[in-house]
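Below is one structure, written out as structure tokens; the observations come after it.
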Amino acid sequence: MSSIMTTALVAVVSSLLTVVVLVVVGRRGLERKLAAAGDELAAKVRTAVEEGAEAVVPKIRAAVGSGLDDSVASALPTVRNEVAAGVRDGAESVVPAIRDEVRKGVEEAIAAAVTGGMVSKAGEELARKGTSVLNRLLGGTDER
């Protein structure tokens, strides 16, 4: 009985080892197949997302552009009104000063022409005063 038992025990152990080896090999093969399937699925999802993004980007650009155009269009009248008001306010404060400077220049030019008796000197003086007024208004140096 001992040789039969030994043979049976060897057969059982051999079968168990075979099953363990088959399980380990099968598990590794299954893991490789699952990893390959996962990589393939990830690549397909990545491609689908990229294609979807390419299809959506023009729509997003159009929506952003439209929103920007709408914002500019709605803000433009306000900006125009503010600029016009600023120009009017600036003109109201500058025009009297221009008038005074031109008047002073004309008076000085006439006085110089009358006292000196030379019309050409009066013209030169008038031109000089006009240049001086423009320089002061435009922020240049006054060359009196």
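The values are calculated or read from the model by the stated rules, or taken from the named source; none is laboratory data. All figures in this text were calculated on a predicted structure; none of them were measured in a lab. Cβ atoms come from the backbone with ideal geometry, glycine included; neighbour counts cover every protein chain shown. Areas reflect the complete protein model, heavy atoms only, side chains present, ligands, DNA and RNA absent. Shrake-Rupley method; radii C 1.70, N 1.55, O 1.52, S 1.80 Å.
In this structure, is S66 among the hydroxyl-bearing types (S, T, Y) and closer than 30 Å to S132 by Cα? Criteria not met by S66.
Okay, residues lined up against (1) open to solvent by 60 Å² or more (accessible area, probe 1.4 Å); (2) among the basic types (K, R); (3) assigned to a helix (DSSP H, G or I); (4) touching a Phe, Trp or Tyr at 6+ places or on another chain (Cβ under 7 Å):
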| position | (1), (2), (3), (4) |
| --- | --- |
| M5 | yes, no, yes, no |
| L16 | yes, no, yes, no |
| G29 | no, no, yes, no |
| E50 | yes, no, yes, no |
| V57 | no, no, yes, no |
| R61 | yes, yes, yes, no |
| A75 | no, no, yes, no |
| V102 | yes, no, yes, no |
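Total residues in the range 31-47 satisfying the condition of being open to solvent by 60 Å² or more (accessible area, probe 1.4 Å) and not hydroxyl-bearing (S, T, Y): the figure is 10. Within the range 104-123, if we keep just the residues that are open to solvent by 40 Å² or more (accessible area, probe 1.4 Å) and within 54 Å of the chain's Cα centre (by Cα), the residue that is modelled with the lowest pLDDT turns out to be V106.
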